[in-house]
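This report refers to the structure that appears directly beneath it.
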Amino acid sequence: MVDSIVQLAESVRSGERSAESIATETLQRVDAREPSVRAFLHVDRDGFVAAAREVDAKRARGEQLGLLAGVPIAIKDALCMNGVPTTAGSRILEGYKPVYDATVVAKLRAADATLVGKTNLDEFAMGSSNENSAYAKVHNPWDLDRAPGGSSGGSAAAVASRMCLGSLGSDTGGSIRQPASFCGIVGVKPTYGRVSRYGLIAFASSLDQVGPFATDVRGAARMLRVLAGRDAHDATTLDAPVDDYEAACDLPVKGLRVGIPREYFGEGIDPEVNIAVRRAVSCLEQFGCIVKPVSLPHTKYAVATYYVLATAEASSNLARFDGVRYGMRKEPGPDLRAMYGATRDAGFGPEVKRRILLGTFVLSSGFYDAYYLKAQKVRTLITRDFDAAFNEVDVLCAPTAPTTAFRLGEKTSDPLAMYMSDIDTLPASLAGVPAMSIPIGLTANGLPVGMQIITPHLQEARAFAVAAACERHDALHVGAPPAFA
Ligand code: GLN
């Protein structure tokens with residue numbers, strides 16, 4: 001199978017390949033690769049093949065096929081898919097089958113994509129390694145002893161191991177970009193409000209955003225074009241026109257001002273990540289970009305700010321999981337309150353409980369001003385840092401994460417160490433600006449390094465131009481992991 005979403009879709013649209021043959025090949029790959037990667041919580045074999053047949057039938061009827069015709073795409077299990085088990089990686093939703101499609105799922109179907117199944121994640125998208133999933137560990141296709149990143153680790157690992165060419169993730173504080181970086185693929189967190197969250201199981205509503213993973217930049221651009229836009233079901237979506245992100249991949253980058261935020265290259269950065277990002281930036285200089293250092297002075301407060309705001313919002317969002325409406329229920333006796341308590345105690349894992357406790361605490365009267373209100377103010381300062389930087393430059397380039405993929409188990413006993421791995425992705429989330437991660441090389445021990453490209457609100461197209469320029473440079477090329485080529 002070709003490695004590019006655009007090429008694959010065009011081969012189906014032209015009739016050169018049937019969607020069904022691609023589905024068959026995809027399932028063979030899943031059977032061979034999934035036992036070592038474990039990216040999926042549910043493979044929707046029947047639905048997937050039926051969708052592929054329907055794409056072929058549509059073509060046979062002479063109808064024009066959509067932009068993602070016959071492209072196998074996997075869906076993070078935090079997104080609802082009609083009739084397909086959806087767990088958010090949690091026991092509390094075991095057995096839950098949504099009765100509707102998330103808007104992004106419906107949009108992929110309308111573009112004639114074929115949906116392979118649901119991918120593993122940290123429980124309720126809380127985590128940076130996928131190890132908080134209540135179900136299984138996902139293995140990084142570049143080194144099976146390492147974490148794929150999180151929380152959308154299954155979606156990233158499924159694409160990296162080429163069990164599909166694209167997938168959907170959600171990013172609250174880095175959950176698309178960090179796993180994309182760890183798995184050597186492209187991941188895009190769009191502007192807050194660019195893509196509908198209707199049908200996304202909410203974690204922190206002022207931060208959550210859905211976005212694509214793909215094997216290459218152009219594939220991600222095509223997916224975002226399909227996904228983006230106003231949705232009557234999600235009042236937070238923006239009513240701005242959707243750019244042709246694919247065409248943006250061919251735009252020149254000469255003369256573009258590229259800012260290098262010095263705070264992202266400080267303490268804790270792996271020297272090989274530092275070197276790789278600087279090499280990518282010098283490639284952009286060769287293309288005629290004007291590179292200059294900038295400062296985002298409040299970056300150091302992003303982790304603290306995020307873990308106050310995100311936990312506060314999560315404590316409120318997760319109140320709905322009470323054993324009454326969805327998933328599992330534990331009934332120790334006839335008492336309703338005891339049922340709530342027993343269900344939530346059995347249904348939520350330790351990280352989710354930690355966050356509910358923390359979030360409830362920071363919102364409680366007497367502590368609200370000291371924590372939640374203060375964090376909101378710091379969030380504004382972080383947003384202003386970006387506004388100021390974007391007065392001077394058109395785009396920011398920085399590491400996506402301070403390190404490459406860490407070993408499974410390496411950080412599980414130390415939640416703070418795990419939280420610190422989000423240090424480079426949290427600021428853009430807090431500011432609501434778009435940011436994507438692209439692979440820019442491998443370390444000496446063969447692990448991919450990601451570079452983050454951050455642009456002003458709704459300027460995703462500019463980031464795609466920069467990303468595509470990098471991808472065209474031979475020195476920055478990263479293919480599939482050797483074991484899954
Ligand atoms: N790793 C961060 C967290 O644990 C971000 C997760 C996300 O973006 N969903 O909250």
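The values are calculated or read from the model by the stated rules, or taken from the named source; none is laboratory data. Predicted, not measured: the structure shown is a model, and the values here were computed from it. Here the Cβ is made from the backbone with ideal geometry for all residues, glycine too, and neighbour counts use every protein chain on show. To get the accessible areas, we keep the full protein, side chains included, count just its heavy atoms, and leave off ligands, DNA and RNA. Shrake-Rupley method; radii C 1.70, N 1.55, O 1.52, S 1.80 Å.
What is the Cα centroid distance between the range 102-140 and the range 434-477, reported in whole angstrom?
22
Just to be sure I understand the model, the point goes 7 Å from the Cα along the line to the Cβ. What's the resulting LYS137 to ASN82 distance in nm?
The answer from the label model is 3.9 nm.
Using a 1.4 angstrom probe on heavy atoms only, work out the carbon and sulfur share of the accessible area of the range 247-325 in %.
Details: 2040 of 3660 Å².
Of all accessible area on the range 247-325, carbon and sulfur atoms account for 56 percent.
Starting from the amide H of HIS42, placed 1.01 Å from N in the peptide plane, find each other amide H under 5 Å away whose residue is 5 or more places distant or on another chain.
LYS118
With every protein chain left in place, what is the accessible area of LYS330 in Å² (1.4 Å probe, nearest 10)?
Accessible area of LYS330: about 100 Å².
List, in the order given, every pair from LYS330/LYS411; LYS137/LYS300; LYS137/LYS374; LYS300/LYS411; LYS254/LYS292 whose Cα-Cα distance in the structure shown is over 26 Å. It would help to have the intermediate numbers written out before the result.
On the way: LYS330/LYS411 32 Å; LYS137/LYS300 31 Å; LYS137/LYS374 36 Å; LYS300/LYS411 21 Å; LYS254/LYS292 14 Å.
The answer is LYS330/LYS411; LYS137/LYS300; LYS137/LYS374.
Tell me, what ³J(HN,Hα) does each residue in the range 331-341 have, in order and in whole Hz, if you take phi through Karplus 6.51 cos²θ - 1.76 cosθ + 1.60 with θ = phi - 60° and put x for Gly and Pro?
Karplus-based 3J(HN,Hα) across the range 331-341 equals 10, x, x, x, 7, 4, 5, 5, 5, 3, x Hz.
Cα centroids of the range 192-244 and the range 411-428: how far apart, whole angstrom?
24
If the cut-off is 18 Å between C-alpha atoms, which lysines fall inside it for LYS58, apart from same-chain ones fewer than 8 positions away?
Straight-distance partners of LYS58: LYS107.
Non-local amide H neighbours of ASP122 (under 5 Å, H modeled in plane, Pro and chain starts lacking H): which ones?
ASN130, GLY153
Hey, what do the phi angles of the range 77-92 turn into as Karplus ³J(HN,Hα) couplings, whole Hz, using 6.51/-1.76/1.60 and θ = phi - 60°, x for Gly and Pro?
Here the 3J(HN,Hα) series is 6, 9, 10, 6, 10, 3, x, 10, x, 9, 10, 6, x, 10, 5, 5 Hz.
Give me the percent of accessible area attributable to carbon and sulfur for the range 371-455, probe 1.4 angstrom.
Accessible surface attributable to carbon and sulfur in the range 371-455 totals 54 percent.
At what distance in angstrom do the alpha carbon centres of the range 142-167 and the range 311-389 lie from each other?
Between the Cα centre of the range 142-167 and that of the range 311-389, the gap is 28 Å.
Give me the 1.4 Å probe accessible area per residue for the range 400-485, excluding ligands and nucleic acids, in Å².
Using a 1.4 Å probe on heavy atoms only, each residue of the range 400-485 averages 32 Å².
5 Å is the cut-off here: which amide hydrogens, built 1.01 Å from N in the peptide plane, fall below it relative to ALA111, excluding neighbours closer than 5 in sequence?
For ALA111, no residues qualify.
Through the Karplus equation 6.51 cos²θ - 1.76 cosθ + 1.60, θ set to phi - 60°, convert the phi angles of the range 111-124 into ³J(HN,Hα) values in whole Hz; use x for Gly and Pro.
Ordered by residue, 3J(HN,Hα) equals 8, 6, 5, 10, 9, 6, x, 10, 9, 5, 7, 5, 3, 6 Hz.
Considering only the other residues whose Cβ falls under 13 Å of the Cβ of CYS164, what net charge follows from Lys and Arg at +1 and Asp and Glu at -1? List each step's numbers first, then the result.
Working: positive: ARG29, ARG33, LYS76, LYS118, ARG162; negative: ASP3, GLU25, GLU34, ASP44.
Taking every Cβ under 13 Å from that of CYS164, the sum is +1.
Above 23 angstrom, tally the Cα pairs of the range 73-163 and express them as a % of all pairs, no decimals.
Of all Cα-Cα distances in the range 73-163, 22 percent exceed 23 Å.
Heavy-atom accessible area per residue, the range 23-71, 1.4 Å probe: how many Å²?
49
Rounded, prolate or oblate for the range 241-326? Axes are the square roots of the Cα gyration tensor eigenvalues, ordered a ≥ b ≥ c, and the cut-off for rounded is a/c under 1.5. Mind showing how you got there, number by number?
Working: a/c = 3.00, a/b = 1.67, b/c = 1.80.
It comes out oblate by the Cα gyration axes.
So, with a 1.4 angstrom probe, what is the percent of accessible area on the range 1-59 that is carbon and sulfur?
Summing carbon and sulfur atoms, their accessible area is 45 percent of the total for the range 1-59.
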